[in-house]
Amino acid sequence: MKIRQANPEDVGNIVTIIAHHASQGLMLPRSAGALTAALDSYMVADDGGRIVGCGGLDKYSDDSAEIYGLATSPAGSPPGTGSAIVQALIDRAREDQISKVFALTLAPGFSTRMGFKTVEHRDLPLKVWKDCVACPKFGNCDEIAMVLVLN
């Protein structure tokens, strides 16, 4: 399995992976248009030509970025796919001189194993005012806010 930059040919697969998890209420859906517009921020897990996972890194400020859209294929993926994607996104953040990455997640155990610490949503004001206020879950969010400080 190889983690690589997403390309336009991957959009359909990414939409399918995310739509599956969104249909179960585990993440927000993303349209093909939105994914295409944000394609530069996405990486995929490519297992012999089959896309088995995805995730994005969205820069919020000079020193912070969000890991988002993290999902693996409902058809199955090699063990460690999610961790490999997150590690590649962390590496990208370090290359971009980002000192803190954060995520909103329903899987805090996974994020904790990756080194993230739980914080309050109010500790991420840029996220709250940029995205959360427009979210259908605003005011009743069930996601856990987590941060990883990079050295």
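The values are calculated or read from the model by the stated rules, or taken from the named source; none is laboratory data. Bear in mind that the values here come from a model prediction, so they are computed numbers and not experimental data. Don't worry about glycine lacking a Cβ; one is built from the backbone with ideal geometry, like all the others, and counts go over all protein chains shown.
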Hits in region 70-93 - residues which are among the charged types (D, E, K, R) and closer than 13 Å to residue 58 by Cα: 92
Which numbered condition residue 7 fails, given (1) more than 24 Å from residue 106 (Cβ to Cβ); (2) without any contact (Cβ under 8 Å) to a residue 12 or more places away in the chain: (2)
Pairs where the first residue, in region 85-102, is of a type in the set (Asp, Glu) and the second is crowded, with 17+ Cβ neighbours inside 10 Å, C-beta under 9 Å, 6+ apart: 96/57; 96/65
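Listed here are the residues, each with its yes/no results for (1) within 13 Å of the chain's Cα centre (by Cα); (2) under 20 Å from residue 28 (Cβ atoms); (3) modelled with pLDDT of 95 or more; (4) not hydrophobic (A, V, I, L, M, F, W, C).
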site: 91; (1), (2), (3), (4): no, no, yes, yes
site: 100; (1), (2), (3), (4): no, no, no, yes
site: 105; (1), (2), (3), (4): yes, yes, no, yes
site: 139; (1), (2), (3), (4): no, yes, no, yes
Filter result (crowded, with 16+ Cβ neighbours inside 10 Å, at pLDDT 70 or above and out of contact with any Leu (no Cβ under 6 Å at 6 or more places or on another chain)) within region 109-137: 110, 111, 114, 124
